[in-house]
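Visitor: Provided herewith is a single structure, encoded as structure tokens, for subsequent inquiry.
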Amino acid sequence: MKSEISIKPFRECRAAAALPGSKSITNRAMILAAIAGGRTVLEGALFSRDTLIMADCLRKLGYMVHLDSDAKRIEIESAGSGIPNSSAEMDVGNAGTVARFVTAFVALRKGGNYLFTCDGAMRARPLKGLIDALKSQGATFEFLGEENHFPFRMKTCGLHGGEIAIDAGESSQMLSGLLMAAVGADAPTTVKLSGGTVSKPFVKMTLSMMAQFGFECPSDGETFTVKPRKAGAGERVYAIEPDATAASYFATLPAVVGGVSELPNFGGCALQGDAAYVDVLKSLGLVKTAKVGDSLLVFGGDGAAFPETAEVDFNDISDTFLSLAAVAMLLPFKLKITGIGHTRKQETDRVAAVARELRKFCVSVEEGAGDILITPYTRAELREKLSGETPVETYDDHRIAMSFAIAGCVDIRGDGSPWIKIVNPECTSKTWGEFFEVLYTVREDSRKFRVVAIDGGAAVGKSSVSRECSRILRYMHVDTGAHYRTVAYGLLERGADSSDVAKVSEKLGCLEIGAELEGNSAKITLGGKIVPDSEIRNERINSKVAEYASMPLVREFLKNYQRSMADFARSHGFDGMIMEGRDIGSVIFPDADTRIYLDADEQTRAARRAKEGITDSIKKRDDLDKKRKTAPLVCPEGALRIDTSHMTKDEVVERTLSAILES
Ligand code: DC
């Protein structure tokens, strides 16, 4: 019986997903390390079936390969120059990069005789373009199964350089493998594309990594001129980027379940085309992002209007198409994905496989040779259709397993009951053995509760930044300006003018204040009701509130109430609280985890108010707020002061988020 895993739905991801190193970069780096010679240390490497197969092949070829999976480090060392062993028997499993890269690489050996075996699925995967190219350099092949496919025996005589034509139309890995191997050729090699290639970003990755290893290969995208370099004895350390395709699952998660997903070390990824997947999600309005330190934060979009049908060309980032296709059954629009014909020849026929599985959940799935159109039910209709748990077949394809697992996280019935089970989940070990563990951790509330104080004068952008950051982080938001406004309203209603301290004191005693949640904002209530904005945001209150706010007894009255808001947030399940005002970081929460003081020049603030159609004597209010004796508006000592005058709102939000998350 096949194994299965039920996906337990949850609401809102909250934690950081520990991403594995990039498979594509790890396997390229291993080949480049072997070509470079000497000793290479790869940091942040991926340990998965495909990279272990690569390590095994290099060992069989005579390289010393040290693996330290805890430290995520691989060391590759060779004594002499060139491939040590002239004969070896290597099993490439179903690892596309190993199959293509090692086949091209061993062609460098003069007098080599190598036997390649493989898994069943690899027997059908394309190789002809590379075989023809290597034959043109003198390599000979004896096919043990089908012509131009694995398994085979290969006799090699070195690469002599010159011009080599290659048809990489069925897989860019053939071109990448040939380009890397050509570094070890006897003379400069000009590689010409005879039939185009797919997945150009992967070719770009190969070229960038060759350059990082010091190998020259100028190109115009059609012709590549590889300069030869003999293997040397040098030492180098190379850092592997986190895997962008793996990141695509955890970037998709907040788009469908909400919350925020933190992708550590993913903020500066430059080599992987698949990093552009996040831009696809952004362009569809499904997520927003912010770079915070080295991390990328991905959070649910703000529900802007969606198109009726969205069409996305995935040709350049086809490894990620399943990440979106699998959740298309949950999106509020029809989705057409194009440019994916070549994925029919990957681990499985991915277009056919995803279509077959999606039909279990969608109104219709139309398959073209190189595209797919998915028409989802609404979530309510889907809920109606579902009974129990629907098994999703994975066809020994790790990406199908991971993509549908993300869809299964959505709490479709609202009671946390699983509705998807993944058949043969072990297939994820191909690239990410810990995937299901990581998926489990992002549902845990592993973050500490944080109190954030944001102070500043009127119209510095405090409110919009506090609201946006609270929305993104799922923190509770508290606007203490509204507390003073509501109290001013209550006192004015009761005829207690700010000049009459005794009356204010008496009437304060009659004010019954409380709190109520409106979305993620905690609103102050007066006599059990939230006083409407129209009553507290008008010229009558504007002209009086600063006077009340300067009275020590009014401030004392609100102090404990405001401090109690942290417990209110905790008891309502928030991860933290952002409280904005004038004295939050100085008086109310001087030990807040993060204290921020926003500022802007006079002109900018007046312009912002005018744009919002607000006429208010800001300067007069600010002067009063700054000069009062009790809790004057100041930048608290040790707080982070941000001058927002020349910053966009998004920039201030990003700066604030990083200050919060780094605390
Ligand atoms: O942020 P706002 O404009 O709504 O604030 C209204 C008034 O309340 C403002 O004049 C300053 C005062 N206030 C204060 O003194 N302390 C706070 N923590 C918040 C507001």
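The values are calculated or read from the model by the stated rules, or taken from the named source; none is laboratory data. For clarity, every value in this text was computed on a predicted model and none was experimentally measured. Cβ sites come from the backbone with ideal geometry, for glycine too, and all protein chains shown count toward neighbours. SASA here: full protein model, heavy atoms, side chains in, ligands and nucleic acids out. Shrake-Rupley method; radii C 1.70, N 1.55, O 1.52, S 1.80 Å.
Visitor: Kindly provide the set of residues from region 210-241 that are part of a loop (DSSP other than H, G, I, E, B), without any contact (Cβ under 8 Å) to a residue 60 or more places away in the chain and open to solvent by less than 50 Å² (accessible area, probe 1.4 Å), ordered by number.
Guide: Passing the criteria: CYS217, GLY221.
Visitor: Is there a residue in region 455-476 that is more than 16 Å from the ligand (Cβ to nearest atom), in a strand (DSSP E or B), modelled with pLDDT of 95 or more and of a type in the set (D, E, K, R)?
Guide: No, region 455-476 contains no residue that is more than 16 Å from the ligand (Cβ to nearest atom), in a strand (DSSP E or B), modelled with pLDDT of 95 or more and of a type in the set (D, E, K, R).
Visitor: Which condition number does GLU547 fail, the rest of (1) more than 15 Å from the ligand (Cβ to nearest atom); (2) of a type in the set (D, E, K, R); (3) modelled with pLDDT under 95 being met?
Guide: Here GLU547 clears every test but (1).
Visitor: Still on this model: Restrict the check to region 67-82 and report whether at least one residue is in contact with a helix residue (DSSP H, G or I) (Cβ under 7 Å, 6 or more places away or on another chain), outside any strand (DSSP E or B) and farther than 30 Å from ASP411 by Cβ.
Guide: The answer is no, given that none of the residues of region 67-82 is in contact with a helix residue (DSSP H, G or I) (Cβ under 7 Å, 6 or more places away or on another chain), outside any strand (DSSP E or B) and farther than 30 Å from ASP411 by Cβ.
Visitor: Please specify each residue of region 4-55 satisfying the condition of being touching a strand residue (DSSP E or B) at 6+ places or on another chain (Cβ under 6 Å) and free of Cβ contacts under 8 Å to residues at least 40 places away in the same chain.
Guide: ALA55
Visitor: Do we find a residue being within 12 Å of the ligand (Cβ to nearest atom), within 19 Å of ARG467 (Cβ to Cβ) and either polar (S, T, N, Q) or surrounded by fewer than 20 Cβ atoms within 10 Å (Cβ to Cβ) (or both) anywhere in region 509-523?
Guide: The answer is no; no qualifying residue exists.
Visitor: So in region 430-453, with the set limited to residues that are at pLDDT 90 or above and in contact with a Gly (Cβ under 8 Å, 6 or more places away or on another chain), which one is farthest from the ligand (Cβ to nearest atom)?
Guide: ARG450
Visitor: Something else about it: Given the criteria away from the ligand (no atom under 14 Å from the Cβ) and either among the aliphatic types (A, V, I, L, M) or open to solvent by 20 Å² or more (accessible area, probe 1.4 Å) (or both), does SER571 qualify?
Guide: Considered against the rule, which asks whether it is away from the ligand (no atom under 14 Å from the Cβ) and either among the aliphatic types (A, V, I, L, M) or open to solvent by 20 Å² or more (accessible area, probe 1.4 Å) (or both), SER571 comes out as yes.
Visitor: Here is a follow-up. Failed condition for VAL531, given (1) within 12 Å of the ligand (Cβ to nearest atom); (2) farther than 19 Å from LEU633 by Cα; (3) surrounded by 18 or more Cβ atoms within 10 Å (Cβ to Cβ), with all others met?
Guide: Unmet condition: (1).
Visitor: Residues that are of a type in the set (D, E, K, R) and under 38 Å from the mean Cα position of the chain (by Cα): list the helices (runs of 4 or more DSSP H) wholly contained in region 480-587 that include at least 3 such residues.
Guide: Counting at least 3 such residues, we get 552-571.
Visitor: Determine whether VAL587 is touching a residue at least 12 places away in the same chain (Cβ under 8 Å), closer than 26 Å to ASN542 by Cβ and either loosely packed, with under 13 Cβ neighbours inside 10 Å or within 12 Å of the ligand (Cβ to nearest atom) (or both).
Guide: So VAL587 fits the description; yes.
Visitor: Name every residue in region 612-629 that is more than 9 Å from the ligand (Cβ to nearest atom), modelled with pLDDT of 80 or more and assigned to a loop (DSSP other than H, G, I, E, B), in order of residue number.
Guide: LYS629
Visitor: Ok, one more. Within the group ARG605, ARG609, ARG595, which residue is part of a strand (DSSP E or B) and either within 12 Å of the ligand (Cβ to nearest atom) or at pLDDT 85 or above (or both)?
Guide: None of the others qualify; the one that does is ARG595.
Visitor: Of all residues in region 398-435, which are of a type in the set (A, V, I, L, M, F, W, C), part of a loop (DSSP other than H, G, I, E, B) and over 21 Å from the mean Cα position of the chain (by Cα)?
Guide: ILE412, TRP419
Visitor: Now for a separate question. Show the residue pairs that are 6+ apart or on different chains and have beta-carbon atoms under 8 Å apart, the first residue being within region 342-356 and within 16 Å of ALA95 (Cβ to Cβ), the second being aliphatic (A, V, I, L, M).
Guide: Within 8 Å, the pairs are LYS345/ALA124; GLU347/ALA121; THR348/ALA121; THR348/ILE400.
Visitor: Quick one: which of ARG359, ARG379 is surrounded by fewer than 20 Cβ atoms within 10 Å (Cβ to Cβ), at pLDDT 95 or above and among the basic types (Lys, Arg)?
Guide: ARG359
Visitor: Just a yes or no: is a residue in region 632-645 open to solvent by 60 Å² or more (accessible area, probe 1.4 Å), within 34 Å of the chain's Cα centre (by Cα) and on the phi < 0 side of the Ramachandran plot?
Guide: Yes, that holds for at least one residue.
Visitor: Also, I was wondering about something else. When you go through (1) among the charged types (D, E, K, R); (2) assigned to a strand (DSSP E or B); (3) buried (at least 16 other Cβ atoms within 10 Å of the Cβ) one by one for ASP274, which number turns out not to apply?
Guide: Here ASP274 meets the rest and fails (2).
Visitor: Do we have SER505 as open to solvent by less than 70 Å² (accessible area, probe 1.4 Å) and either farther than 30 Å from TYR475 by Cα or modelled with pLDDT of 95 or more (or both) here?
Guide: Yes, satisfied.
Visitor: For region 67-89, what are the residues that are surrounded by fewer than 22 Cβ atoms within 10 Å (Cβ to Cβ), at pLDDT 95 or above, under 27 Å from VAL203 (Cα atoms) and more than 29 Å from the chain's Cα centre (by Cα)?
Guide: Listed by number, the list holds a single entry, GLU77.
Visitor: Now, a different point. Out of all the residues in region 147-171, which are under 39 Å from the mean Cα position of the chain (by Cα), open to solvent by 10 Å² or more (accessible area, probe 1.4 Å) and closer than 22 Å to PHE215 by Cα?
Guide: ALA165
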